[in-house]
Every structure is written in structure tokens, then in C-alpha cells.
């Protein structure tokens with residue numbers, strides 16, 4: 001069931017409201033990546049993706065979020081907002097698995113995985129840099145890290 005249908009069904013059954021009338025249904029998936037700046041200032045500086053079932057409810061929700069978040073990315077539908085999060089999570093999971101496999105290979109070959117990743121990061125496009133200390137992004141074993 002699409003968000004449009006779910007929102008309409010819930011509103012119709014509970015309050016007699018129409019999702020395209022008085023009731024707005026915006027969707028903003030959770031994206032956890034709070035920066036150090038955000039921790040200091042109390043503002044979240046990572047972009048908030050937001051899609052509503054109508055352009056009006058997207059705009060109203062964006063106005064509310066702008067009070068606490070610097071960047072709002074408005075997308076056309078709730079489904080587009082949810083798929084944004086799915087793409088981010090899949091991208092992250094695939095890359096974590098890739099780097100972990102590379103780390104195991106480097107360990108077997110007695111190659112410093114960080115040397116390889118640092119060298120690869122000099123490519124100006126088409127590569128996402130991994131940094132030491134990104135515990136939430138890469139779980140490279142200690143035996144492959146240079147000190």
C-alpha cells in the first residue's frame with residue numbers, strides 16, 4: 001500500500017478527514033549522522049529529506065523542520081523520501097562489506113589496508129574515502145591497521 005493510500009485510509013477511518021483535504025501526511029526518514037558542529041550548536045546540519053502526499057504538506061512540514069535543521073531536501077513523494085534512506089543504507093552496507101573483505105585480503109597478503117585506501121582516495125571522482133576512526137562505517141580489524 002502506498003503512503004497516499006495508507007494516509008487516506010487512516011484519516012478516513014479515524015477522524016473523517018481527507019488526506020488531500022485538511023490532513024497532510026509528510027514523511028521524513030530518520031538519517032543518523034550528527035556532526036561535531038551539530039553537537040556543539042544543538043542544530044542538526046545534515047540534510048533532512050522530506051516528502052509529502054501533496055506539495056502543500058511538504059512545504060508546511062519543511063517550514064517546521066527549518067526551525068531546527070539547516071538543510072531541508074524536499075522530494076516529490078513520501079515514497080521518494082523512504083527510497084532515499086534505503087539507497088543510503090544499501091550503499092553504506094555494501095561498502096562496509098567491500099572494505100572488510102579488502103581488509104581480510106590485505107591481511108593475508110601482508111599489505112597495509114590503510115595505505116591502499118589512502119592511495120585510492122587520491123582519485124578525484126568515483127571513490128568514497130574511508131578514514132581511520134570511522135567505526136560506524138568501517139570495521140577493519142586491528143591487525144590490518146598501521147600505527
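When a footprinting reagent is the concern and you count Cβ atoms within 10 Å, what order do 123, 48, 59 take, fewest first? Walk me through the intermediate numbers first.
Values: 123 9, 48 21, 59 15.
Lowest count first: 123, 59, 48.
Which of the three applies to segment 58-100, rounded, prolate or oblate, going by the alpha-carbon gyration tensor with a ≥ b ≥ c and a/c under 1.5 meaning rounded?
Values: a/c = 5.30, a/b = 2.19, b/c = 2.43.
Judged from the Cα gyration tensor, segment 58-100 comes out oblate (a/c at least 1.5, b/c at or above a/b).
Would you order 63, 118 from fewest to most other beta-carbon atoms within 10 Å of each residue's own beta-carbon? If you can, show how the numbers build up before the last one.
Values: 63 10, 118 15.
Lowest count first: 63, 118.
Would you mind ranking 110, 28, 76 so that the residue whose beta carbon has the fewest other beta carbons within 10 Å leads the list?
Numbers: 110 7, 28 22, 76 11.
The fewest-first ordering by Cβ neighbours comes to 110, 76, 28.
Quick check: pseudo-label points 7 Å beyond the Cα along Cα→Cβ at residue 88 and residue 108, how many nm apart are they?
Label-label distance for residue 88 and residue 108, simple model: 3.5 nm.
Read-outs throughout are calculated quantities, based only on the coordinates presented, and are distinct from any laboratory measurement. The structure displayed is predicted, hence computed values, not measured ones. In this analysis, Cβ positions are derived from the backbone assuming ideal geometry, glycine residues included, and neighbour counts consider all displayed protein chains.
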